[in-house]
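The values are calculated or read from the model by the stated rules, or taken from the named source; none is laboratory data. Because the structure is a prediction, the values reported are computed rather than measured. Every residue, glycine as well, gets a Cβ built from its backbone with ideal geometry; the counts of neighbours run over all protein chains shown. Areas reflect the complete protein model, heavy atoms only, side chains present, ligands, DNA and RNA absent. Shrake-Rupley method; radii C 1.70, N 1.55, O 1.52, S 1.80 Å.
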Amino acid sequence: GLGGGGIPRYARSDLEVGGVRVRAGDLLILDTGAANHDPSVFHDPDRFDLERTPVPHLKFGHGARYCIGAPLARIELQVVFSQLAARFPSLRLGCRLDEVTFNPVTLTGGLTALPVIW
C-alpha cells in the first residue's frame, strides 16, 4: 500500500521472487516497509524494541541507489534521540498507542502526528 515505501524498479534480468517469475523489463514495486518487517531477518518485527540487536534494513536503499543522505540522517537521529530523553525526562506518548496513525500518501510514510506530554 501507499506509505510503505513502494519504490518502482524495472527488473534487469529474469528472476524469481517468492515463487513468481519476473522477466527482464517487468515493473516491480519494492516495498521496503514490508522488507523491513521480514520475521526471518527481524525478531518480532512489529514490536518497538530499543534494545534490539541492530540488523541491516532497506529504508535507505541498497547498492548504487543507496541514499546519499543516509549518513547525515543517522547522525541527526542519534543526536536527537540521545538529547531528547536528557532534555525531557518525563516525555511520554500523549495518546493511546492504537491512536497513532501513519501517513498513507507519501513515499517514505511516517506518522501523521505524534502527540507527546512532558
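Okay, here's what the table says:
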read-out: L91 accessible area, assembled protein chains, probe 1.4 Å, Å²; value: 60 Å²
read-out: Selection from P115, P45, V100 lying farthest towards where the dipole of the stretch 25-118 points positive, charges on Cβ; value: P115
read-out: Ellipticity estimate at 222 nm from DSSP helix runs (n ≥ 4, -39,500 (n - 2.57)) divided over the chain, nearest 500; value: -5500 deg cm²/dmol
read-out: Amide H partners (placed H, <5 Å) of F102, local residues excluded; value: T112
read-out: Dipole moment magnitude, nearest 20 debye, the stretch 1-70 about Cα centre, only Lys, Arg, Asp, Glu C-beta charged; value: 340 debye
read-out: Centroid-to-centroid separation of the stretch 83-100 and the stretch 21-67 [C-alpha atoms, Å]; value: 27 Å
read-out: L28 long-range amide H proximity, modeled H, under 5 Å; value: R9, Y10, A11
read-out: Positive dipole terminus of the stretch 10-93, leading residue within F88, G33, L15 (C-beta point charges); value: F88
read-out: For the chain, size of Cβ-based charge dipole, Lys and Arg +1, Asp and Glu -1, in debye; value: 320 debye
